[in-house]
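Structure first, commentary second.
The values are calculated or read from the model by the stated rules, or taken from the named source; none is laboratory data. Everything quoted here is computed from the prediction, not taken from an experiment. Note: areas computed on protein heavy atoms with side chains; ligands, DNA, RNA excluded. Shrake-Rupley method; radii C 1.70, N 1.55, O 1.52, S 1.80 Å.
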Amino acid sequence: MMPKFIELVVFSLFYIHFTSALYFHIGETERKCFIEEIPDETTVLVNYKVELFDPRTGGFMPSTQGIGMHVEVKDPDMKTILSRVYSAEGRISFTSHIPGEHVICLYSNSTKWIGGTQLRVHLNIQVGEHTIDYANVAQKEKLNNLQLRMRQLIDQVDAITKEQNYQRYREERFRMTSESTNQRVFWWSTAQLIILVCMGAWQMKHLKSFFEAKKLV
């Protein structure tokens, strides 16, 4: 019983970074961006809900019609893969095509604001197999509990494989950066040494000429 419990805890800790939920406040011209490290060919699901500040109660209430969010997603090459205006509550889905840091930015469609009102945005980002609704899959494909569990395990193994490939990709990029930095440091040190030798030779020649001119040698 205990080893199974430990395995479950380790598994949960390993996958905890694949989903994140939070809320934040945003002003009329404010822009909030979040960075997610995502393997390639991985589905990302973004759920959000906007609430409007109520000055009478000092709390937040469901936003009025007409207030929405502009959502923009950029890949590691800073190419825009998604950019459009959504309603006050919605679900956005996209698939990464290259591994790395994806930037997800949200800001209000300020033309429809109620002047100066503050918004609270609830945000939930899910990555990989966490985006799959297994209850819906079981119903559509008519899977029993064992088949559904096998499907979940297969998806989890696929997610682990993608994560391992992404970590290898990061390690390779880090190694290339380190080698490039070391090479630049080597050539810079070599150039400094050459300059120092040339300056020393020039100073020796200049001193020799000076002593000869003064007839000291």
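Structure values in brief
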| item | result |
| --- | --- |
| Surface accessible to a 1.4 Å probe, per residue, for the residues of region 132-194, Å² | 84 |
| Solvent accessible area, Å² - Lys49, 1.4 Å probe, full protein context | 80 |
| Where Phe174, Phe34 fall by accessible area, highest first, once all protein chains stay in place (1.4 Å) | Phe174, Phe34 |
| Prolate/oblate/rounded call for region 81-217, Cα gyration tensor, a/c under 1.5 rounded | oblate |
| Accessible-area order (highest first, 1.4 angstrom probe) of the listed residues Asp77, Asp155 | Asp77, Asp155 |
| Probe 1.4 Å - accessible area at Met150, Å² to nearest ten | 100 |
| Region 89-215 - percent of accessible surface contributed by carbon and sulfur, probe 1.4 Å | 58 |
